[in-house]
1. Quick one: how many residues across the range 34-51 are of a type in the set (A, V, I, L, M) and closer than 13 Å to Phe113 by Cα?
2. Is it the case that the range 243-256 has a residue that's among the basic types (Lys, Arg), open to solvent by 40 Å² or more (accessible area, probe 1.4 Å) and within 18 Å of the chain's Cα centre (by Cα)?
3. Is there any pair linking a residue in the range 111-137 that is farther than 18 Å from Val4 by Cβ and in a loop (DSSP other than H, G, I, E, B) to one that is near the ligand (Cβ under 10 Å from one of its atoms) and of a type outside the set (A, V, I, L, M), with Cβ under 6 Å and at least six apart or on different chains, and which?
4. Among the listed residues Leu73, Leu67, which satisfies the condition of being within 20 Å of Ala148 (Cβ to Cβ), open to solvent by less than 10 Å² (accessible area, probe 1.4 Å) and within 6 Å of the ligand (Cβ to nearest atom)?
5. Output the number of the condition that His124 fails; it satisfies all remaining conditions of (1) more than 11 Å from the ligand (Cβ to nearest atom); (2) open to solvent by less than 60 Å² (accessible area, probe 1.4 Å).
6. If you go through the range 127-158, how many residues are surrounded by fewer than 22 Cβ atoms within 10 Å (Cβ to Cβ) and aromatic (Phe, Trp, Tyr)?
7. Within the set of pairs 6 or more residues apart or between chains, which connect a residue that is modelled with pLDDT under 95 inside the range 55-73 to a residue that is more than 13 Å from the ligand (Cβ to nearest atom) and open to solvent by 10 Å² or more (accessible area, probe 1.4 Å) with Cβ atoms less than 9 Å apart?
8. State yes or no: is Leu84 surrounded by fewer than 17 Cβ atoms within 10 Å (Cβ to Cβ), within 15 Å of the ligand (Cβ to nearest atom) and of a type outside the set (Lys, Arg)?
Amino acid sequence: METVPDLTVTSDTDPYGAVAGLYDWLHVGPGSTDLVSFFAELAPEGGTGLEIGPGTGRMTLAVAPRLSSLYCLERSAFMRTILLTKLASLPELREKVTVLDEAVPGFSLGRTFDYVYVSAVFEHVPPDARQALFAGLAEHLAPGGIVAMDMVEDEVIPRFAEREIRSVRQGDCRYTLSTAVTPVQPDLGQVRHVYRTYLNDELLTTHTVEREHHMHRPAAVFADLRAVGLEPVAGTALTKTGTPLDDKGTLVAKRV
Ligand SMILES: C[S@@+](CC[C@H](N)C(=O)[O-])C[C@H]1O[C@@H](n2cnc3c(N)ncnc32)[C@H](O)[C@@H]1O
C-alpha cells in the first residue's frame, strides 16, 4: 500500500504561525474579489460543502451562506483561531460551519459532500502528494457533486530579490510584507517572506518565513484527476484564458 504523505505542521513549522493575524492585510491581493466570487458562485444553494485549508475564512464566509452545512479542514492552529474568532461574531453561521484540525491528504470523514473546494492551498502541496489529495477529494464527493480548485497554472516561477509587496496601517503601526523568490526546479520555488512592523517610522520587529512554493501544472493535474475518476470541465486552467495575474488558474471537475 502506498504511504500517504504527511503534511501536518506544528507551531514551529507552520508558515502562518506568528503572522496569521496579518494574512488578510498582507496576503489578500487586488484580484481576491473575483476569486472569492468564483468559489462562492459554484456553491450549490442548500447543498453541503467541504473546504480544504480555509485559512482565515476568506472563501468560507462567502460560501457558507449558500450552503446548508460546510466542513472546513485546516492544519494550522493559528489560522483556525482566526477563523473561529470571525465565526464567533456570525451567529447565522453557528449551526452551519464546522472547523476541524486536519491536514490533507490522509483524512476520512466517512461521508460525502455536494461541493468540495481548495483555494490557495496547492502552493503548500508537493506534487507527489497531489494524487493522494485528489483521491481524498473524490472519496468525499457526492454523486453529481463538483470539485473546485485554483493554482493550476503554467506560469514560470519568477526570480526576484526581496521587494516590498504590500503595506498597511493600523493606528500608528505600519505592517509590511517583502518577498523574494528563487526558482529551484521548474515546479518548485523557494520563497522568503519578511514581515516588518513599524511604530510610526521606527522598526519594531522583523519576522522571516522561508518556505517552498509548489507549482501544479494543468496537464499533470488533469491526469491525476482522471486517475481518481474526476474529469476537468471548466476553469481557466482548462480554457487557458486570462493570465496568472487575472486569476489563479481555476479548475472545476466532476465525477465521470
Ligand atoms: C494561502 S492560505 C489560503 C487560505 C484560504 N483558502 C484563502 O483562500 O484565503 C493556505 C491555507 O491552507 C492551509 N493548508 C496548507 N496545507 C494544508 C494541508 N495539507 N492540509 C490542511 N490545510 C492546509 C494553511 O494552513 C493555510 O491556512
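The values are calculated or read from the model by the stated rules, or taken from the named source; none is laboratory data. Small disclaimer: the values here were computed from a predicted structure and weren't measured. Backbone-built Cβ (ideal geometry, glycine too); neighbour counts: all protein chains shown. SASA here: full protein model, heavy atoms, side chains in, ligands and nucleic acids out. Shrake-Rupley method; radii C 1.70, N 1.55, O 1.52, S 1.80 Å.
1. The qualifying residues number 2.
2. Scanning the range 243-256 turns up at least one residue that is among the basic types (Lys, Arg), open to solvent by 40 Å² or more (accessible area, probe 1.4 Å) and within 18 Å of the chain's Cα centre (by Cα).
3. Ser119/Phe39; Ser119/Asp150
4. Leu73
5. Going through (1) more than 11 Å from the ligand (Cβ to nearest atom); (2) open to solvent by less than 60 Å² (accessible area, probe 1.4 Å) one by one, His124 breaks only (1).
6. Within the range 127-158, residues that are surrounded by fewer than 22 Cβ atoms within 10 Å (Cβ to Cβ) and aromatic (Phe, Trp, Tyr) number 0.
7. Close Cβ pairs (under 9 Å, with a partner that is more than 13 Å from the ligand (Cβ to nearest atom) and open to solvent by 10 Å² or more (accessible area, probe 1.4 Å)) do not exist here.
8. In short, yes.
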